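Here is the structure we will look at, set down as structure tokens.
The values are calculated or read from the model by the stated rules, or taken from the named source; none is laboratory data. On a predicted model such as this, the values are computed, not experimentally measured, just so you know. Glycine also receives a Cβ, built like all others from the backbone with ideal geometry; neighbour counts cover every protein chain displayed.
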Amino acid sequence: MRELLAELFLAALAVALLTALRSWRQVGFRALPVAWVAIVNISRMRFEEFVLFLALACIIGFVEEVFFRGLILQALAPMGLWRAAILSSIVFARCTC
């Protein structure tokens, strides 16, 4: 729980700094920052919806890491570490586009 709170704090800090420095465009955002839209929508959620949202966000990240860094990377490891890393990155990129 402490790690989750730390990550939420760092994310909020990043949003605050990018907003204060007016640097959204410099880091790749061309329209209304997605983070701002998310914050506005999250603030309208009931507590149960917010908890479900956080749980799903954590689960999705965990499953992606296990699948791509665990299963695929380990399956490709006999080809060599660099090849395995590059191929698993390509597969990840293709699956998330």
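Give the residues of the stretch 73-87 that are at pLDDT 85 or above and part of a helix (DSSP H, G or I), sorted by residue number. Explain how you work it out, then say what you get.
So the first thing to find is which residues in the stretch 73-87 are at pLDDT 85 or above, and the list is 75-87.
Within the stretch 73-87, A75, L76, A77, P78, M79, L81, W82, R83, A84, A85, I86, L87 qualify.
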Tell me, which residue of the stretch 49-97 that is under 30 Å from I39 (Cβ atoms) and aromatic (F, W, Y) is farthest from the chain's Cα centre (by Cα)?
-> F50
